Amino acid sequence: MSEKKKGKLSPRQKGVIFLLISAFSFAVMALFINLAGDMPVFMKAFFRNLVAIIMSYVLLARSPEKFRIKKGSLPGLIMRASFGTIGILANFYAISHTNMSDAMMLNKLSPFFALVTSIFILKEAADGFQWAAILTALAGAVFVVKPSFLFGRLGVSGDSLFPLAVALIGGICAGIAYAFLRKVTVNGERPLIVVAFFSTFSCIILIPFIIFTYQPITPLQLFYCAMTGVAACFGQIFISSAYAMCPAKEISIYDYSTVIFTALLGLIVLGEVPDWLSILGYAIIIGASVLNYLYNNGFIKFGKKAGNSDSAK
């Protein structure tokens, strides 16, 4: 209590800030992926993690504990890396084979699946208000990305159904990966170890695919790929730190801010102007996030809360 009076941030507040920084970093990553142009998805995914390996290894080498993995963390690290790698590849495949807004929409289901998975892995159950906030933010994301299977046609063809199913699998796997991320970090594992393990695991898995799909790239594409990796590294570090600070049920909603950051970067860099449906979506997302934040901090009362997470660390 005395620390809060001195102006220090609570674990929940730190988690929100870290997740917002992570969301911005991943929006920057998406921009550089876009600028990299026509390349095999395996190469983009490889470079995304290669730079993260270099950065995380340098930081770990300068840390007191170096590369030591906490006892009992390895199973969770493997699960986080496995589902995370599948999620990345599925998302990249979907973006390459279907409407990007469709792929983005289904990938934005990952916070929802993180919340659901946390119920079984971490026993962190959300209450009614938090469920409502998550679903409201998801509805806002629908207006922002305007998936064509809702806003352009009544159904999907057989050719379009498979990549959409892959995109959904990507969102599910990403959500499961985030739940395991919190599991290992809440048990004391360092976020840098999580980033280094995940990036190394992914690059090793991708090497055979790189060999069979390799194609020459320009120096500019190489630069964009490198910047993709830098942004991804910061995104991974801060999202690991965020879920170490607070349960997914209380902060996963802020991951939707990636949609807003992506739209702003698109406007500034690519000259993409959002339409009225997107603006409506932004308002819904921001509104749900603000209400959820006020509720979790006790400014809004709605029945019995699922628990006080300030003690969760």
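The values are calculated or read from the model by the stated rules, or taken from the named source; none is laboratory data. Bear in mind the structure is a predicted one, so any value in this text is a computation, not a measurement. Using ideal geometry, Cβ is built from the backbone for each residue, glycine included, and neighbour counts are taken over all protein chains shown. With ligands, DNA and RNA removed, areas are computed over all heavy atoms of the protein, side chains included. Shrake-Rupley method; radii C 1.70, N 1.55, O 1.52, S 1.80 Å.
Across region 17-28, rounded Karplus estimates of 3J(HN,Hα) from the backbone phi angles (6.51 cos²θ - 1.76 cosθ + 1.60, θ = phi - 60°) give 4, 5, 5, 5, 5, 4, 4, 5, 4, 6, 5, 5 Hz, Gly and Pro being marked x. Each of the peptides 31-43, 275-287 was scored by the mean count of other Cβ atoms within 10 Å over its residues; in descending order, highest first, they stand as 31-43, 275-287. Could you list the residues of region 175-191 with an amide nitrogen less than 20 Å from a label point located 7 Å from the Cα of Ile78 in the Cα-to-C-beta direction? The answer is 176-190, whose backbone nitrogens lie closer than 20 Å to the label point. Surface composition of region 157-295: carbon and sulfur make up 80 percent of the accessible area, probe 1.4 Å. Accessible surface comparison of Phe18, Phe120, Phe162, probe 1.4 Å, protein chains only, largest first: the order is Phe120, Phe162, Phe18. Once all protein chains are placed together, Thr200 keeps about 30 Å² accessible to a 1.4 angstrom probe. In this structure, the residue pairs whose Cα-Cα separation is over 30 Å, taken from Lys44/Lys108; Lys71/Lys108; Lys14/Lys301; Lys8/Lys44; Lys8/Lys70, are Lys71/Lys108; Lys8/Lys44.
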